[in-house]
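Working notes, structure below.
Each value in this text was obtained by applying a stated rule to the coordinates, not by laboratory testing. Quantities reported herein were computed from a predicted structural model and do not represent experimental measurements. Every residue, glycine as well, gets a Cβ built from its backbone with ideal geometry; the counts of neighbours run over all protein chains shown.
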Amino acid sequence: MWKVKSQGSGLRWACVVWCFWFVLGFELSELIRVSQGKALDMPRRTEVIPTELMPELANQAYPVEELQFRGEDGWELAYSPNSSVPFDGLAASFHDNGQVEKLFFYEDGLLHSAQGWNHNGELSSTHVENGWGFVMELEDEKVGYLYDRGMQIAYRGRTDSGKLYRKSFVDGIHVVFYSNGVMREQGAFSNGKRHGIWKTWNAEGGLVKEFHFERGSFEGVNREWHENGAIKKVFPFKDGKPDGEWTVFGLDGEVLSTSHFAEGKPEGKWKTLHDDGSPRFAGSFENGEKTGVHRWWKKDGKLRKHFLYHNGNPVY
């Protein structure tokens with residue numbers, strides 16, 4: 001009997017020990033699996049992203065002209081030749097005089113960051129941070145490609161007449177920086193048209209423009225500021241047409257002009273002042289037509305001319 005009990009007790013202890021190690025092993029395997037899962041959720045190779053792209057890094061970079069970009073416009077990834085794996089690492093281009101022109105850092109074929117320099121080694125307007133920014137194509141700070149989350153989403157350049165144009169490959173956020181790293185412009189496209197708030201800053205980081213768009217047309221109250229931060233213009237729109245009171249301010253906050261619109265047509269009293277605050281113009285509009293007396297003054301206060309209008313036509 002004792003021997004049987006001893007064997008039963010030993011068997012029970014063996015079961016307890018086996019269960020303990022099984023549970024411990026399961027917990028350890030789960031801990032390893034979870035930790036591996038967390039590691040997989042982290043961005044790849046982030047520890048090798050340069051904190052600042054310097055020209056000195058170009059000597060260890062891949063020639064950017066040898067990279068291949070595969071995919072449709074707006075969805076292209078970078079590859080090294082004969083590789084099926086998207087490119088990771090630094091790529092560079094050089095000016096004819098040997099100076100570094102552009103330095104890029106790619107991750108999984110996407111442009112993570114970029115910096116550019118001119119022939120003299122001075123910073124250019126090529127600047128990309130965390131996948132957002134602008135890369136110059138020519139020796140012109142306004143001609144190049146815009147990037148959103150590492151992808152080339154739009155081309156910005158000039159027509160044959162020299163005028164600027166912008167071609168959007170896909171919708172996305174457009175961000176442009178000054179050469180000093182300060183953001184210059186930010187906005188978004190939806191269905192190929194400007195949509196939402198577009199902002200422009202000066203090189204010191206001061207906001208100079210804030211425009212509101214609805215499917216490519218101005219909408220709501222738009223504003224501009226002087227370089228000193230004082231308000232410059234306030235001009236509201238409704239359904240893409242001027243609507244409400246438009247106001248222009250001087251550097252010291254003085255009102256230089258007021259004009260009114262209703263559904264895109266001039267309406268009500270208009271007034272404009274010279275820089276010194278003296279009257280420059282005064283007149284009225286009704287349903288888009290000039291009405292009443294319209295007067296213009298010289299800076300010295302003398303009346304320059306005046307006309308009386310009726311239904312948009314001068315009476316005298």
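When you count, for each residue, the other Cβ atoms within 10 Å and take the mean per peptide, how do 144-154, 173-183 rank with the highest first? Walk me through the intermediate numbers first.
Values: 144-154: 21.3, 173-183: 17.7.
Going from most to least packed, we get 144-154, 173-183.
Would you please give the FRET efficiency between Asn97 and Arg158, computed as 1/(1 + (r/R0)^6) with r the Cβ-Cβ distance and R0 = 25 Å, to the nearest 0.05? Write out the running numbers ahead of the final one.
Values: r = 25 Å, r/R0 = 1.01.
Once rounded, the FRET efficiency stands at 0.50.
Tell me, what is the FRET efficiency for Ala203 and Lys265 to the nearest 0.05, using R0 = 35 angstrom and their Cβ-Cβ distance as r? If you can, show how the numbers build up before the last one.
On the way: r = 38 Å, r/R0 = 1.09.
Efficiency computed from Cβ-Cβ geometry: 0.35.
Can you figure out the FRET efficiency of Leu251 with Val85, using R₀ = 45 Å and their beta-carbon distance, to the nearest 0.05? The partial results should precede the final answer.
Working: r = 57 Å, r/R0 = 1.26.
E between Leu251 and Val85, to the nearest 0.05, is 0.20.
Taking other Cβ within 10 Å of each residue's Cβ, how do Ser161, Ser284 sort, fewest first?
Values: Ser161 6, Ser284 18.
Ranking Ser161, Ser284 by Cβ neighbours within 10 Å, fewest first, gives Ser161, Ser284.
Starting from the Cα of Asp140, step 7 Å toward the Cβ, then list every residue of the stretch 55-75 with an amide N under 19 Å from that point.
none
If I stretch the segment between Asn287 and Val315 completely, what's the gain in nm (0.36 nm per residue apart, minus their alpha carbon distance), one decimal?
Details: separation 28, 0.36 × 28 = 10.08 nm, distance 1.80 nm.
Fully extending the segment from Asn287 to Val315 adds 8.3 nm.
Pull out the extension gain between Asp239 and Lys305, defined as 0.36 nm times the separation in residues minus the alpha carbon to alpha carbon distance; nm, one decimal.
Numbers: separation 66, 0.36 × 66 = 23.76 nm, distance 3.59 nm.
Gain in length upon complete extension: 20.2 nm.
Dipole size in debye (nearest 20) for the stretch 46-314 around its Cα centre, Lys and Arg Cβ +1, Asp and Glu Cβ -1?
Numbers: 31 positive and 41 negative charges, 435 e Å.
Dipole size: approximately 2080 debye.
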